[in-house]
């Protein structure tokens with residue numbers, strides 16, 4: 001009998017998905033490679049065939065999220081739609097990506113205040129600032145920070161109380177943001 005062939009790309013994704021579930025359940029700091037291996041149903045040594053460390057697992061999970069988030073930002077910034085529609089695309093897209101990956105969202109919540117997140121947050125705030133400056137000249141990073149905070153607040157409410165309908169909250173966030181961005185008479 002020949003040895004079982006393993007699809008290495010699929011196995012790597014299975015391990016990564018298991019790691020995200022463990023990180024979401026236990027928190028990154030309390031998670032161990034043993035936990036990831038058990039969740040994935042493989043030997044601990046098998047995890048190390050694909051990832052050098054727990055940090056490498058986290059980096060891979062974070063890279064997956066940032067790739068999705070970067071695609072949304074690029075789509076919003078490169079669109080020829082009016083700025084308000086592009087901002088709406090950015091807000092809805094961000095909420096959709098997060099809502100589609102609740103375990104990853106919990107993991108990111110655990111890491112929001114760490115160095116891992118700082119560059120991604122800065123780039124995201126700058127993209128929002130660029131859009132709102134097109135809507136209302138003179139507004140910038142402070143206003144972008146408030147908008148990003150509104151999105152994060154919705155995510156936090158959903159993570160704390162899964163009955164919060166996150167998919168339905170992009171509209172209310174946009175209503176509040178758009179009203180706040182209108183020129184004052």
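I'm told residue 81 meets every condition in (1) over 19 Å from residue 10 (Cα atoms); (2) part of a helix (DSSP H, G or I); (3) free of Cβ contacts under 8 Å to residues at least 40 places away in the same chain except one. Can you identify the failing condition by its number?
(2)
Which one is surrounded by the fewest Cβ atoms within 10 Å (Cβ to Cβ) among residues in the stretch 71-87 that are under 27 Å from residue 20 (Cα atoms) and touching a helix residue (DSSP H, G or I) at 6+ places or on another chain (Cβ under 8 Å)?
Checked the stretch 71-87; the qualifying residue surrounded by the fewest Cβ atoms within 10 Å (Cβ to Cβ) is 75.
Regarding residue 56, is this residue in the same structural domain as residue 98 (by the TED database), within 24 Å of residue 123 (Cβ to Cβ) and not in a loop (DSSP other than H, G, I, E, B)?
No: the conditions fail for residue 56.
Listed here are the residues, each with its yes/no results for (1) under 26 Å from residue 28 (Cα atoms); (2) touching a residue at least 60 places away in the same chain (Cβ under 8 Å); (3) surrounded by fewer than 16 Cβ atoms within 10 Å (Cβ to Cβ).
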{"residue": "90", "(1), (2), (3)": "no, no, no"}
{"residue": "106", "(1), (2), (3)": "yes, yes, no"}
{"residue": "127", "(1), (2), (3)": "no, no, no"}
{"residue": "148", "(1), (2), (3)": "yes, no, no"}
{"residue": "163", "(1), (2), (3)": "yes, no, yes"}
{"residue": "171", "(1), (2), (3)": "no, no, yes"}
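Can you find a residue in the stretch 32-52 that is under 24 Å from residue 160 (Cα atoms) and without any contact (Cβ under 8 Å) to a residue 12 or more places away in the chain?
The answer is no; no qualifying residue exists.
The values are calculated or read from the model by the stated rules, or taken from the named source; none is laboratory data. Quick caveat: nothing in here was measured; it's all calculated off a predicted structure. A quick note on method: Cβ atoms are made from the backbone with ideal geometry, for glycine too, and the neighbour counts reach across all protein chains shown.
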